[in-house]
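Below is one structure; the comments refer to it alone.
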Amino acid sequence: MTTQEPPHGAGASDTPTFGGSVPPPWAAGGTASPQGSGKKRSVRWAVVLISLSLVMSVLGGTLIVILLGRGSNEVVAAPDQTEAPPERASATSSPQVTLADRSSAPTTSAGGQAPTPRAQGSTAPSSNSGGGTATGSPSSGAQTLGPVSFDVPSGFNPSVVAEPQPHGALRSEFVGPGAQKIILEVNVGKPSDPLASARELAVNFRDQGRLITEPYDAEVVGTPTAVLAIRGSEDDYRSDHFLIHDGNGMAVMGVDPSSFDAADELARRVIPTVTA
């Protein structure tokens, strides 16, 4: 039998083995080892997971801070229950009355409040009862000033009602047609000699050149008076009769722009009507 030699290289395995003489491919710088590649991938995944964990932690913390911030902004302080509620005006409440309101009213010498002057048919407001100016429709009939009553001619309107004077008297004025006036003063409980009073006042008017004649005694329907005849500051004529009535000092003046006789006639029309 003839022995045949195997073909060249036929005895060698067609597939190289790691245990053979042929070196593995990664030994010569070829493809990386499967085992080393798996380790690298594991490290990469670990890094990625750690990074994701950190990012999620940061995002979670930021979200919590935002939510807490919104919650604190939405907190509203509860109203203070101890705070007094605002006052509400009552329809039935009345304004507070002060002592000054009471002290403005004229008083008598006995300390009581003086009666409010009344004018029949007059539209003078009642707010002037404490003294001051007032206007009304033409009136006549009974008027009052302190404790006395009197009449004024028809067509005279009250312009000043029971106005307190610095010397303690009460004063009322009435305006009539043609710029005529009637003025009365009452010094309650303080009578004085009529002629002496007229002479005392005449001194100033004499010095000013406004005294028409020296004061003189007169009588008006049984009532003794003393007359002071002067020119007024507006160059009118004034007849001022001083008298005593029921223990009160009084002065009744007539004013006329044209003549003393007309002024005197106005005063003489009022004096007989004075009653207590």
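The values are calculated or read from the model by the stated rules, or taken from the named source; none is laboratory data. Just so it is clear, the model here is predicted, and its values are computed rather than measured. Every residue, glycine as well, gets a Cβ built from its backbone with ideal geometry; the counts of neighbours run over all protein chains shown.
Yes/no matrix, rows are residues, columns are (1) out of contact with any strand residue (DSSP E or B) (no Cβ under 7 Å at 6 or more places or on another chain); (2) at pLDDT 95 or above; (3) charged (D, E, K, R); (4) farther than 24 Å from PRO164 by Cβ:
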{"position": "ASP217", "(1), (2), (3), (4)": "no, yes, yes, yes"}
{"position": "HIS241", "(1), (2), (3), (4)": "no, yes, no, no"}
{"position": "HIS245", "(1), (2), (3), (4)": "no, yes, no, no"}
{"position": "GLY254", "(1), (2), (3), (4)": "no, yes, no, no"}
{"position": "PRO257", "(1), (2), (3), (4)": "yes, yes, no, yes"}
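In summary, THR273 fulfils each of the numbered conditions (1) among the polar types (S, T, N, Q); (2) over 16 Å from VAL152 (Cα atoms); (3) surrounded by fewer than 22 Cβ atoms within 10 Å (Cβ to Cβ) with the single exception of condition (2). A count restricted to the stretch 245-276 and to residues that are under 20 Å from ALA169 (Cα atoms) and assigned to a strand (DSSP E or B) stands at 10. Yes or no: ASP246 of a type in the set (D, E, K, R), free of Cβ contacts under 8 Å to residues at least 40 places away in the same chain and surrounded by fewer than 19 Cβ atoms within 10 Å (Cβ to Cβ)? Taking the combined requirement at face value, the residue does not satisfy it. Is there a residue being in contact with a Ser or Thr (Cβ under 6 Å, 6 or more places away or on another chain), assigned to a strand (DSSP E or B) and free of Cβ contacts under 8 Å to residues at least 40 places away in the same chain anywhere in the stretch 178-201? Checking the stretch 178-201: not a single residue is in contact with a Ser or Thr (Cβ under 6 Å, 6 or more places away or on another chain), assigned to a strand (DSSP E or B) and free of Cβ contacts under 8 Å to residues at least 40 places away in the same chain. Scan the stretch 149-158 for residues that are over 41 Å from the mean Cα position of the chain (by Cα), farther than 13 Å from PRO272 by Cβ and either buried (at least 22 other Cβ atoms within 10 Å of the Cβ) or β-branched (Val, Ile, Thr) (or both) and the total you get is 0.
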